[in-house]
């Protein structure tokens, strides 16, 4: 059982404060009956909630796959610059959705956003070995010596990276696979080898792959199979399911 105002707010239909007013105005029904109070308890799995006659679809958590474009901040808000949340519908922002990890302002590619705090925490933890794969264009050409340095666990000025994988793609191109998300990590690792990055794009995070047909700045909700795959790699396979059938 859950509070009515919390469920309506989670659907993005109104804030919890606004729900109190809607209930007083007789605009909210639960299973066809006018709601008695904003804080009344209802069954989140079976209750049919309507606001102004429109049925709401409740999902405990939402998961968004965004193709982040360059020039946009990975942040929930900023007074001067556009953030990734500005690319999403207002109702998602009302739910408190946030990026899982970050991409630098000039970096493109896959970004996961969710309001599932437990999954986000685990997904970022090195303990669960969630690989993140980046495509990079660099000055110079990475070689086998660079591969060995990445695999050994590179020591930077302020921390030592976990062993990483460097895949050679030819002149000025490579793939980098890391299990961490330290600030500017991929750029710093390549720069330390004399191969400064000129372009960086994240292609995957664990089981999630960036859709080739998803243009920069566009997004989509994850399929239920993708959510289950995320829960599995994070040790949450028996977790309370987020996507309602």
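Brief remarks follow.
- For residue 64, the stated conditions do not hold, so it cannot be described as outside any loop (DSSP other than H, G, I, E, B) and more than 30 Å from residue 105 (Cα to Cα).
- Selection within the stretch 148-183 - touching a strand residue (DSSP E or B) at 6+ places or on another chain (Cβ under 9 Å), assigned to a loop (DSSP other than H, G, I, E, B) and touching a residue at least 24 places away in the same chain (Cβ under 8 Å): 154, 161, 162, 164, 172, 179, 180, 181
- Residue 130 being under 22 Å from residue 203 (Cβ atoms) and within 17 Å of the chain's Cα centre (by Cα): yes
- Any hit, the stretch 75-92, residues being touching a helix residue (DSSP H, G or I) at 6+ places or on another chain (Cβ under 8 Å), part of a loop (DSSP other than H, G, I, E, B), more than 27 Å from residue 233 (Cα to Cα) and free of Cβ contacts under 8 Å to residues at least 40 places away in the same chain: yes
- Residue selected from the stretch 97-127 under the condition within 12 Å of the chain's Cα centre (by Cα) and exposed (fewer than 15 other Cβ atoms within 10 Å of the Cβ), by the criterion nearest to residue 185 (Cα to Cα): 121
- Of all the residues in the stretch 31-45, those that are over 12 Å from residue 7 (Cα atoms) and not in a strand (DSSP E or B) number 5.
- For the stretch 190-212, the candidate set comprises residues that are touching a strand residue (DSSP E or B) at 6+ places or on another chain (Cβ under 8 Å) and in a helix (DSSP H, G or I); within that set, the residue that is nearest to residue 152 (Cα to Cα) is 190.
- Residue check, residue 101 at pLDDT 95 or above and either in a loop (DSSP other than H, G, I, E, B) or closer than 20 Å to residue 183 by Cβ (or both): no
- Check on residue 28, within 30 Å of residue 134 (Cα to Cα), touching a strand residue (DSSP E or B) at 6+ places or on another chain (Cβ under 7 Å) and surrounded by 16 or more Cβ atoms within 10 Å (Cβ to Cβ): no
The values are calculated or read from the model by the stated rules, or taken from the named source; none is laboratory data. The model shown is predicted, which means the values in this text are computed figures rather than measured ones. Please note: Cβ atoms are built from the backbone with ideal geometry, for glycine as well, and neighbour counts cover all protein chains shown.
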